[in-house]
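Presented below is the structure to which this report refers.
Bear in mind these aren't lab numbers, they're just calculated from the coordinates by the rules spelled out. These numbers were taken from a predicted model, which means no experiment stands behind them. Every residue, glycine among them, receives a Cβ derived from its backbone with ideal geometry; neighbour counts consider all protein chains shown.
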Amino acid sequence: MKKILAIIILAILVIFIGILIMPNKVESNNTSEIHTFINKTHPPINKTNKPFTPTNLSVIQLNYLLDDTAIANHGKYFKKLEKDYEVNAVYAIAVMRLESGLGYLPPSKNNLFSIREGYKWRSFESPKAAILYFGFLMRDGMYENNDLHTIANTYCEQSNTWYKEITLIMNQMWERIKNV
């Protein structure tokens, strides 16, 4: 009996000492402090159609937007595009969806964004290379920091509807992602 009592007292003492020396002890129920911590570790989603405003979507959310395409599970490369080039991933996916028929055309060249080099279609060694090149291209002086309408006039100058189609696709993706 004395052994059991000694073990209980020892356990209580260990817990008490642990509480006294525990770092980062939460002493408040202030929810704003909790939200501040969450926002620092997980930035809020930016639901925007601005080409140069990152969305902060997770790789899982980006993969969800790609699950019906030929490049399903390539969300990590769109996340990298946002991080490295500060290009909106939803915008980039919308361009890919429109320009390559959901990433299926032309599969042999991995040209997901219908990018030309002079009068020829550019070819990429992988979808990843195409995605990251699109980020690089958007940061070119021709497109950098322009709004969607201005980009449309250069990127797809032969189309009067490109801007509207990209906007529609982006809005559909934002609607789709709100439940994930």
State whether the stretch 59-177 is rounded, prolate or oblate according to the following rule on the C-alpha gyration tensor (a ≥ b ≥ c being the square roots of its eigenvalues): a/c under 1.5 gives rounded; otherwise a/b larger than b/c gives prolate, and the remaining case gives oblate. rounded
Residue by residue, what Karplus-based ³J(HN,Hα) values in Hz, rounded to whole numbers, does the stretch 117-122 have, using 6.51, -1.76 and 1.60 with θ = phi - 60° and x for Gly and Pro? 10, x, 9, 10, 6, 6
Between Lys164 and Asp84, what FRET efficiency comes out of the Förster formula 1/(1 + (r/R0)^6) with R0 = 30 Å and r the beta carbon distance, rounded to 0.05? 0.55
Please give the contour-minus-distance gain from Glu157 to Asn179: 0.36 nm per residue of separation, less the Cα-Cα distance, rounded to one decimal in nm. 4.4 nm
Pop out the ³J(HN,Hα) list for the stretch 75-83 in order, Karplus 6.51 cos²θ - 1.76 cosθ + 1.60 with θ = phi - 60°, rounded to Hz; leave Gly and Pro as x. x, 4, 6, 6, 5, 5, 4, 5, 5
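Do the alpha carbons of any pairs in Lys83/Lys178; Lys79/Lys128; Lys47/Lys80; Lys83/Lys120 sit beyond 20 Å of each other, and which pairs? The partial results should precede the final answer.
Values: Lys83/Lys178 22 Å; Lys79/Lys128 11 Å; Lys47/Lys80 18 Å; Lys83/Lys120 30 Å.
Lys83/Lys178; Lys83/Lys120, as the Cα separations exceed 20 Å there.
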Mind giving me the nanometre distance, one decimal, between the label points for Arg122 and Lys47, set 7 Å out from Cα along Cα→Cβ? 3.3 nm
Rough spin-label spacing in nm, given labels placed 7 Å along Cα→Cβ, for Leu102 and Lys76: 2.4 nm
